[in-house]
Structures are given as C-alpha cells and as structure tokens.
Amino acid sequence: MASPDLRQMLSELIAAPSVSCTDPRLDQGNRGVIDLLAAWLADLGFACEIQEVSPGKANLIATLGQGPGGLVLAGHTDTVPWDQGRWRFDPFTLTEADDRLYGLGTADMKGFFPLAIEAARAFLDTPLKAPLIILATCDEECSMAGARALVEAGRPRARFAVIGEPTSRRPLRMHKGVMMERVVIEGRSGHSSDPGLGANALEAMNAVMTELLAFRGELQARWRNPAFTIPVPTLNLGCIHGGDNPNRICPHCELQFDLRPLPGMDMDELRGLIRLRLAPLAPRFGVTLAVEPIYAGTPAMETPADSPLVRAAERLTGHAAEAAAFGTEGPFFRQLGMDALIFGPGGIEQAHQPDEFIALDSIKPTVEVLKGLIREFCL
C-alpha cells in the first residue's frame, strides 16, 4: 500500500471513525486508524509494531533507524463524540472552506500524523544517528489506556518526545493534571414529614460540597505557578444526582468533581486529604460516604526549561515555551524517561467543538518545525 500525499492521508484518517467515550453506546475502536498509519509507515521503511491494548483498540510504534536516544513524534488516534446537527459539514469528510480543513479530529489530533509523516519523508534516504519513532495511541480522550500500556511495557525508549496536541504552534513544557472523582452517599429513605424517619443523603452532600470548596480555597492559597494563565489548582463541582421525589427523604446522592493540580502536587496525596476531610461527615449525618476516582487520572507535567528539546523548539518556533490547563499523554512519556514537549497545529479552542478545523497556513510551518527537530535529534 503506497503512502499517499498529506491531504489524502488526512482525508482517510478523518473518514475512519475512532470515537472513545465513557458511554459504551458511543465508544468505538481505533484499529481502522492504526492500520492505515501502519501501512503507510511500513511503505516508507518504518518497522511497525502494533500493541493490542483492549479488544478493537491498539497502539502503533513505528521506528525508523536504530540505536539509543532518538525522537518520538506522538499522538492519539481517538476523537471525542460529535454534536449531531451542529456541524456545517460532514464530520467524517475532510472539507476545505474558508482557508481551513474541517473534520472531526483535524485539530485534536489526527491532523498531526500526516504532518509528522510528511516531515519524516525528507529523511528517508539520510542515515540516522538516532531513531525516529512515530507513535499512535488509543483512548487518550477518556482513560489514557494506550499511554498507560506503553508505560507498563516500558517502551518506546527514546530521549525526547513531541506530542502533537493543538497548541497553535506554540511549544508547551508544562500542563496541569486532571483528576475526576466521585463522592457517593447512601442514606435512608423515609416520609419527608418526619426527618427522623430517615437519613438525608442530599443534606449530607451539601456539607460535602462546603468542605470541598473550603479545601479548594486552601489549595489555592498554598499552591501557585505564574506560568499558567490560571495560576492556581482548580476544583469544579461538575454534576450531582440524588433523590427521586420532593416528599421522600433522599436515600442516595452522587457528586462528580474535577480537580486540576499543578506540577508538584501528588494525586494520591490529594485523594487522601479529601477522604480524611470528608470522613467525619458520615457519622454526623448517619450515612455512609465513599470517595473514589472515576478514572486513574493524569498527572501534571513539567519538562525543565533548559531541556535541549525545549530550547530547540523555542528556537524553531520563535516562541518561549508555555503552560496549559489541559492534560495530555506527556507525563507518561516523562515516566518513560523522556523530555516531553507539546506542540501541534490547530488551536485548543477548536478541539471538542462543532466544525473542528486546522488552518491551511499552519500546515507548512508545522512540518518545517518537525523537520528541524528531526534534524537536531536524529541526524
């Protein structure tokens, strides 16, 4: 299977649905995307390994060259679900309009792969001193299962990694972590005319929310990093479900919240502090109370400002490395021993939105930066 040109690659990737979602009714596999990338990269001389992660979901490790060190160009192959009826164009058909390329995943982040492959083409006949690895993962949008599988396997091994998330072509060396947690309270139902007949889970949850907001204030007083637009950790009370009728004492209530720690804040320690803080509420209200993660969470990431990768990206882009509030697979590459940088076309403001796009004038500059990084770290 011959590797097509950049536009055709992007068109075929967009046409291959690969939604990942916590709702099993919407969740899909990514093998269609992985198989396309593997075929194209093998045609260019890359050694391709497909790592099965779960049924229908896989990672791809494609390697050109041998030896220690090297550069990883990485991205996730899954997308979020799309808003039916809110797109001007078919989300699965690459459409050019307004000097943009529209389609689900153009910015976040299937669009990075054709650009990485295009950059790699320039070096196919050049002996590499260190390997170039193009890496494609699964399930970044909901569980990070693909990145976790790589850490468990201890590969790939390289010195540097660039994750092609949408950054408007500005390098990012730091981002916050992402924790999604739930509090579940079980009370006892009864007739609302006599509060003594039951234990109101909703009233207990009101006290939980008060404690969580106080905890947020304490974290924000203690932790601050001016490199971030929002320089403090955030805690958002996202959704709450409880009770079934106004004249019944609420027997069950669940709160889900999001906590975004700064680099240096340990997620397990934060969970322990929250459990310790909320534990006294159970006997006070006569309920049972459980605090648990919705998923394992994504740690915050920080790559040192003096990393050769950061310095090279700053020189090639003309922008100082920045920080972001959103999470990526970057900390998992850090666990594998790599300096990690986030850099890609498109903007985060286009991600997860109807009419997602990348601008046509972002394509060539992104390819040139990637060529410069390959030249610096693989030649």
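Annotation for Cys21 and Glu49: the two label points, set 7 Å from Cα along the Cα-Cβ direction, are 3.4 nm apart.
For the pair Arg88 and Ala282, what calculated FRET efficiency results from E = 1/(1 + (r/R0)^6), where r is the Cβ-Cβ distance and R0 = 51 Å, to the nearest 0.05? Mind dumping the intermediate values first?
Details: r = 51 Å, r/R0 = 1.00.
The value I calculate is 0.50.
Sorted ascending by nearby beta carbons within 10 Å, beginning with the fewest, Thr126, Thr366 become Thr126, Thr366. Applying 0.36 nm per residue to the separation of Leu360 and Leu213 and subtracting their alpha-carbon distance, the gain on full extension is 48.5 nm.
If the chain between Thr229 and Leu124 were fully stretched, how many nm would it gain, using 0.36 nm times the residue separation less the Cα-Cα distance?
Details: separation 105, 0.36 × 105 = 37.80 nm, distance 4.04 nm.
Computed gain between Thr229 and Leu124 is 33.8 nm.
Annotation: the residues His175, His241, sorted from fewest to most other C-beta atoms within 10 Å of their own C-beta, follow the order His241, His175. Only helical runs count toward this figure. For the chain, summing -39,500 (n - 2.57) over DSSP H runs of n ≥ 4 and dividing by all residues gives -9000 deg cm²/dmol at 222 nm. Can you list the lysines whose alpha carbon is less than 28 Å from that of Lys364, not counting same-chain residues fewer than 8 positions off? The reachable lysines, counting only those whose Cα sits under 28 Å from Lys364, are Lys110, Lys129.
Arranged from fewest to most other beta-carbon atoms within 10 Å of their beta carbon, Lys176, Lys364 become Lys364, Lys176.
Classify the chain from the C-alpha gyration tensor, please: rounded if a/c falls under 1.5, else prolate or oblate depending on whether a/b exceeds b/c.
On the way: a/c = 2.34, a/b = 1.85, b/c = 1.26.
It comes out prolate by the Cα gyration axes.
Between the range 173-217 and the range 333-360, what's the alpha-carbon centroid distance in Å? Taking the Cα centre of each part, the range 173-217 and the range 333-360 sit 35 Å apart.
Take the Cβ atoms of Glu269 and Ala39, set R0 to 45 Å, and the FRET efficiency comes out at 0.50. Label sites at Ala305 and Arg155, each approximated as a point 7 angstrom past Cα along Cα to Cβ, lie 3.7 nm apart.
Within the range 104-133, the trypsin sites (Lys or Arg not before Pro) that combine a DSSP coil assignment with at most 14 other C-beta atoms in a 10 angstrom radius are Lys129.
No lab work stands behind these numbers, since they all come straight from the coordinates. Please read these numbers as outputs of a predicted model, since none were measured by experiment. Cβ sites come from the backbone with ideal geometry, for glycine too, and all protein chains shown count toward neighbours.
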